[in-house]
1. Checking the structure you have, find out if any residue of the range 140-156 is surrounded by fewer than 18 Cβ atoms within 10 Å (Cβ to Cβ), within 30 Å of R39 (Cβ to Cβ) and not hydroxyl-bearing (S, T, Y).
2. Which residues, taken from the range 65-74, are loosely packed, with under 15 Cβ neighbours inside 10 Å and either over 21 Å from the mean Cα position of the chain (by Cα) or in contact (Cβ under 8 Å) with a residue 40 or more places away in the chain (or both)?
3. Of the conditions (1) part of a helix (DSSP H, G or I); (2) closer than 22 Å to S74 by Cα; (3) at pLDDT below 95, E199 clears all except one; give me its number.
4. Could you list, in sequence order, the residues of the range 157-173 that are crowded, with 16+ Cβ neighbours inside 10 Å and within 15 Å of the chain's Cα centre (by Cα)?
5. Taking the options R134, R103, name whichever one is surrounded by fewer than 14 Cβ atoms within 10 Å (Cβ to Cβ), over 20 Å from N76 (Cα atoms) and in contact (Cβ under 8 Å) with a residue 40 or more places away in the chain.
6. For T47, are the conditions met, namely being in contact (Cβ under 8 Å) with a residue 12 or more places away in the chain, under 24 Å from K157 (Cα atoms) and part of a strand (DSSP E or B)?
7. Could you please find all residues in the range 158-182 being touching a Leu at 6+ places or on another chain (Cβ under 9 Å) and assigned to a helix (DSSP H, G or I)?
8. From N85, N78, which residue is in the same structural domain as E146 (by TED's automatic domain parsing), at negative phi, of a type outside the set (F, W, Y) and in contact (Cβ under 8 Å) with a residue 40 or more places away in the chain?
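The values are calculated or read from the model by the stated rules, or taken from the named source; none is laboratory data. None of these values were measured; they are calculated from a predicted model. Neighbour counts run over all protein chains shown; Cβ positions are idealised from the backbone, glycine included.
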Amino acid sequence: MNKFPKIALPLIFIGIVIIILIFKATITIGSGEAGVLYRTFGGGVVTEEPPLGEGFHFVAPWNDVFVYEVRQQSLNENMQVLSSNGLQIKLDATLWFQPEHRRLGKLHQEKGEEYIERIILPAMRSATRAVVGRYSPEQLYASKREVIEEEIISETKNLLEKQYVQVNEVLVRDITLPPTIKDAIERKLRQEQESLEYEFRLTKAQKEAERQKIEAEGKARANTILSQSLTDKVLKEKGIQATVELSKSNNAKVIVVGSGDEGLPIILGNN
């Protein structure tokens with residue numbers, strides 16, 4: 001009985017060590033995550049092999065695993081940037097990004113776990129300043145937001161091209177101009193709109209006047225041609241045709257042939 005504690009204590013100690021080693025030698029990678037393996041006695045960060053995927057893994061106790069989120073993430077940033085004429089503009093934007101899965105080891109080795117603050121955020125800020133700096137406040141107010149978004153995402157992609165990060169989209173949520181500049185732009189736009197409306201009405205009136213002039217000239221030409229074609233013989237023939245048609249009517253009438261001007265018939269009604 002006196003020997004039991006001396007034997008049990010080492011066994012308990014060995015059991016605890018084994019449990020710790022087993023616990024240390026396993027890792028579970030969650031959904032949307034990947035693990036970068038660090039081999040303490042094998043060259044450090046593993047960059048030539050794919051990262052550890054989702055699920056349960058056995059890892060040597062002396063090695064480490066650094067877990068990264070590899071699904072799409074968002075970065076919201078409120079910035080104050082300068083326009084082309086030096087005025088301060090407030091811009092709210094969101095960047096959608098994710099690390100390149102197969103190059104996660106290189107990202108960890110060269111950029112570290114704080115890669116968002118080290119490379120993505122500065123790149124986004126730099127790209128936004130460069131794009132907004134090309135436009136005046138009037139252009140930023142009136143231009144399509146999609147154009148600015150496309151230019152920012154293009155600049156951001158160029159800056160992060162070799163940084164092991166995939167840029168998916170940039171969304172410009174809001175562009176805020178200084179109140180005095182915004183009011184001045186709105187007044188100018190209203191004046192331009194009123195000027196365009198006046199020009200439209202003026203152009204419409206001019207076109208209507210031209211139409212009426214052309215119509216009147218056409219009628220005048222038609223009357224001239226008609227008057228030139230109505231000779232005495234033509235008029236007599238038309239009168240005779242009209243007399244024949246009227247004679248066929250059931251209405252009571254008296255027709256005196258050859259008693260009118262130029263020998264045309266005179267038609268006397270029953271009244």
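1. For the range 140-156, residues surrounded by fewer than 18 Cβ atoms within 10 Å (Cβ to Cβ), within 30 Å of R39 (Cβ to Cβ) and not hydroxyl-bearing (S, T, Y): absent.
2. E69, R71, Q72
3. Failing condition for E199: (2).
4. V170, V172
5. Result: R134 is the single residue among R134, R103 that is surrounded by fewer than 14 Cβ atoms within 10 Å (Cβ to Cβ), over 20 Å from N76 (Cα atoms) and in contact (Cβ under 8 Å) with a residue 40 or more places away in the chain.
6. no
7. I181
8. Result: N85 is the single residue among N85, N78 that is in the same structural domain as E146 (by TED's automatic domain parsing), at negative phi, of a type outside the set (F, W, Y) and in contact (Cβ under 8 Å) with a residue 40 or more places away in the chain.
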